[in-house]
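Note sheet for the following structure.
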Amino acid sequence: MTQIVCGALLFDLDGVLVDSTPAVVRVWSRWAIAHGFDPDDVVRRAHGRPSISTIRDYLPNSDYEAENNIVESGELEDLEGVVPLPGARELLEALPSNRWTIVTSCTRALAEARLRASGLPIPQRLVTCDDITNGKPDPEPYLKGASLLGMPAEDCIVVEDAPAGIRAGKSAGARVIACQTTAAELELKGAGADWIVEGCESISVSLRNARELMLVLTGTQ
């Protein structure tokens, strides 16, 4: 077991708290095929980043906003199979409401739709791509998440599954737990993860004192 003391937790959404992979694959595959791109490549590059960033990569001369609206509409309409990942509900319920938030690359509307579909709580304040200028792997999203909780990023633990998100957390000055749900161990280590676990079911939490949380990780790598 590994014990970690911290002030707060900053969670990515998809691949950490929620399994939206089937819906993401369907929506991005349709978009890729419509534009003549390899679906597997597009899905891989889209994970963990704002969707408009992926669109810019593939269609540098397009109407980004119009294309992004197509993808966004598809994701909002396709919530089939969106479920909480093992341990996510229990972990969030064990945390004081002022000691965690979500930092996601999707829009606020999509984040709330997926949280409702999975039956997970929606934090009072969360960070989405609507709230930032520079998306992951830039540190801005996690710096903003820490600020919302009134914590320095150095006192926060980021829980991520995507290399871009891991790099964002590390660049912000936070420590990072990587969930091995969507990326290979080698990729997670290469991005700089401090610990690698199977998922939220490997993380337990208790209130150490008025200012600190105690995390216990099992099966760390």
What pairs come up if the first residue lies in segment 27-43 and is over 17 Å from ARG56 (Cβ atoms), the second is open to solvent by less than 30 Å² (accessible area, probe 1.4 Å) and outside any helix (DSSP H, G or I), and their beta carbons are under 7 Å apart, counting only those six or more places apart or on different chains?
VAL27/ASP78
Residues satisfying the stated conditions in segment 62-97, i.e. out of contact with any Leu (no Cβ under 8 Å at 6 or more places or on another chain) and closer than 26 Å to ILE203 by Cβ:
LEU79, GLY81, VAL82, VAL83, PRO86, GLY87, GLU90, LEU91, GLU93, ALA94, SER97
Among the residues of segment 84-124, how many are part of a loop (DSSP other than H, G, I, E, B) and open to solvent by 40 Å² or more (accessible area, probe 1.4 Å)?
6
Give just the number: which of (1) within 15 Å of the chain's Cα centre (by Cα); (2) farther than 29 Å from LEU213 by Cβ does CYS106 not satisfy?
(2)
Complete set of residues in segment 126-144 that are in a helix (DSSP H, G or I), touching a residue at least 40 places away in the same chain (Cβ under 8 Å) and under 11 Å from the mean Cα position of the chain (by Cα)
TYR142
Please go through segment 176-194 and give me each residue that is buried (at least 19 other Cβ atoms within 10 Å of the Cβ) and either more than 13 Å from the chain's Cα centre (by Cα) or of a type in the set (A, V, I, L, M) (or both), ordered by number.
VAL176, ILE177, ALA178, ALA183, LEU188, ALA191, ALA193
Go through segment 10-54 residue by residue and tally those that are aliphatic (A, V, I, L, M), closer than 20 Å to THR181 by Cβ and open to solvent by 20 Å² or more (accessible area, probe 1.4 Å).
3
Counting just the residues of segment 65-83 that are surrounded by fewer than 19 Cβ atoms within 10 Å (Cβ to Cβ) and touching a residue at least 60 places away in the same chain (Cβ under 8 Å), which one comes out farthest from ARG116 (Cα to Cα)?
GLY81
Subset tally (residues that are at pLDDT 95 or above and of a type in the set (Lys, Arg)) for segment 34-64:
0
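The values are calculated or read from the model by the stated rules, or taken from the named source; none is laboratory data. All values derive from a computational prediction rather than experimental measurement. No Cβ is skipped: glycine too gets one built from the backbone with ideal geometry, and neighbour counts run over all protein chains shown. Note: accessible area is taken over every heavy atom of the protein model, side chains too, but ligands, DNA and RNA are not part of it. Shrake-Rupley method; radii C 1.70, N 1.55, O 1.52, S 1.80 Å.
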